[in-house]
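> Structure below; questions to follow.
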Amino acid sequence: MKDRTLLMIPGPIEFEPAVLAAMGAPTTSHLDPGFVEAFGQALERLRQVFLCPDGQPFIVAGSGTLAMDLAGANLIEPGDRALVINTGFFGDRFGALLERYGAGVTHLRAPVGGLPTLEEVERALKGASFKLMTVTHVDTSTGVVADVKGLAALARRYDVLLVVDGVCSVAGEELRMTEWGVDVALTASQKAISVPPGLALLVAGPRAMEAFRRRKTPVANYYADWGNWLPIMEAYEARRPSYFATPAVNLVWALNVSLGQILEEGMEARFARHRALSRACKAAIAALGLEQVPLKPEYAAHTMTAPRYPAGVTGADLLPRVKAAGAVLAGGLHPEIKAEYFRIGHMGPTKLGDLLATIGALEAGLAACGYTFEKGAGVAAAMAAWDEQG
Ligand code: PMP
């Protein structure tokens with residue numbers, strides 16, 4: 001039997017062979033003309049993927065949490081007020097991070113699987129003078145997708161900077177930075193951007209860069225300071241080598257390959273494919289009789305699905321059996337419901353066949369746990385939902 005499983009967790013995901021080949025190529029100097037070209041091109045392509053033609057991209061070695069730090073450290077000064085639209089684990093993280101830089105943080109929470117309404121957000125914005133609002137576009141701990149477009153409109157009305165944690169969304173979930181008026185969007189390489197873990201990616205729009213330039217106090221994080229990175233990004237984009245801290249050379253090569261593939265597919269087609277995969281996955285989950293964490297279908301993200309275990313089945317029973325049948329899925333993450341649900345990632349290069357294999361493995365796992373259902377119903381529902389979408 002082949003020792004091969006599908007990695008279908010909400011990051012890291014399965015990567016394309018050309019991206020992995022770039023990772024495995026001999027490492028070049030960070031000053032090599034070929035690398036300078038790849039880095040410059042990757043910066044230009046990031047603007048296109050984030051749909052932010054007038055934004056300033058940053059590519060820095062680190063994970064998604066560093067991308068959050070790049071936003072918090074550079075935009076918060078001690079005493080600033082921040083509103084966190086909190087839909088789970090990563091909202092808590094953003095709040096804690098902003099407090100570390102001296103912000104007074106207000107969390108606007110919803111019950112697990114829910115989403116604060118725009119009316120509640122507007123009431124909070126009216127009630128205090130915030131410099132910045134953050135939102136987790138897709139909270140990976142709940143599978144809830146926020147209404148970034150609606151929040152951006154409110155941010156503009158109340159003159160607040162909007163920072164979007166797009167770690168589980170960018171290049172999968174629809175996100176239009178300039179058109180919607182998002183000030184900062186950030187992500188990491190290992191999810192829908194489709195590059196192994198190790199890069200923090202951020203695009204800052206003009207209002208965010210202006211807020212950074214108007215700072216009165218030094219940035220309280222040396223490595224994350226945009227003042228250190230901006231000249232480097234500008235130099236590479238002008239195809240001049242430059243140095244502040246050694247870039248993750250192979251990852252940047254791989255990033256440029258992946259961004260090229262993403263743009264070749266096209267952002268609209270990519271958003272549509274993620275929506276289609278998501279509908280197929282959720283149809284399968286419903287057909288198998290499983291509930292989901294998001295409280296309403298319209299709250300459910302398109303990059304992942306968060307099904308609840310059926311009665312009598314635990315993660316310790318199910319997930320190893322699904323893995324034995326060929327697909328690695330993730331357990332729960334949200335502390336309040338950790339043992340009650342699991343997570344399926346379907347982002348990046350995922351194809352219908354990957355999803356059908358995953359649903360098949362899930363069915364095999366459920367059957368092995370003694371759960372009663374109509375065998376094949378999940379796969380059939382996924383295919384039917386896919387077909388309906390043309
Ligand atoms: N935000 C969200 C929404 C995430 O899903 C994650 C990672 N799962 C992070 C932030 C943190 O990213 P990293 O683990 O790469 O530091």
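Each value in this text was obtained by applying a stated rule to the coordinates, not by laboratory testing. Bear in mind the structure is a predicted one, so any value in this text is a computation, not a measurement. Glycine gets a Cβ as well: all are built from the backbone with ideal geometry, and neighbour counts include every protein chain shown.
> Can you put Y309, Y341, Y371 in order, fewest other beta carbons within 10 Å first?
Y371, Y309, Y341
> List the residues whose amide H sits under 5 Å from the amide H of L6, counting only those 5 or more places along or on another chain, with H placed 1.01 Å from N in the peptide plane.
Under 5 Å from the amide H of L6 lie the amide H atoms of A327, V328, each far enough along the sequence or on another chain.
> Going from the alpha-carbon gyration tensor of the stretch 300-390, what semi-axes, largest first and in whole Å, does one get by taking the root of 5 times each eigenvalue?
Each semi-axis is the square root of five times an eigenvalue, giving 21, 17, 12 Å.
> Show me 247-254, 166-173 ranked by packing, highest mean number of other Cβ atoms within 10 Å first.
166-173, 247-254
> Quote the convex hull volume per residue of the stretch 59-177, based on C-alpha atoms, as a whole number of Å³.
Once divided by residue count, the hull of the stretch 59-177 is 98 Å³.
> Using alpha carbons only, how many degrees (0 to 90, rounded to 10) separate the axis of helix 377-388 from the longest principal axis of the chain?
Between the helix axis and the principal axis of the chain, the angle is about 60 degrees.
> Order these by the 10 Å Cβ neighbour count, fewest first: K216, K338, K282.
Ranked by crowding around the Cβ, least crowded first: K216, K338, K282.
> From the backbone phi of the stretch 184-192, what are the Karplus-calculated ³J(HN,Hα) couplings (6.51 cos²θ - 1.76 cosθ + 1.60, θ = phi - 60°) in whole Hz, Gly and Pro given as x?
Calculated HN-Hα couplings, in order: 9, 10, 9, 7, 10, 6, 7, 10, 5 Hz.
> If you take the alpha carbon radius of gyration of the chain and divide it by 2.2 N^0.38 Å, what ratio comes out, to two decimals?
Cα-based Rg divided by the globular estimate yields 0.99.
> Another question about this same structure. What order do you get for 343-350, 46-53 when each peptide is scored by the mean count of other beta carbon atoms within 10 Å, highest first?
Values: 343-350: 25.0, 46-53: 20.4.
The densest-packed peptide leads the list: 343-350, 46-53.
> Rounded to the nearest 0.05, what FRET efficiency do L295 and A245 have when you use their Cβ-Cβ distance and R0 = 35 Å?
Working: r = 43 Å, r/R0 = 1.23.
For L295 and A245, the calculated efficiency is 0.20.
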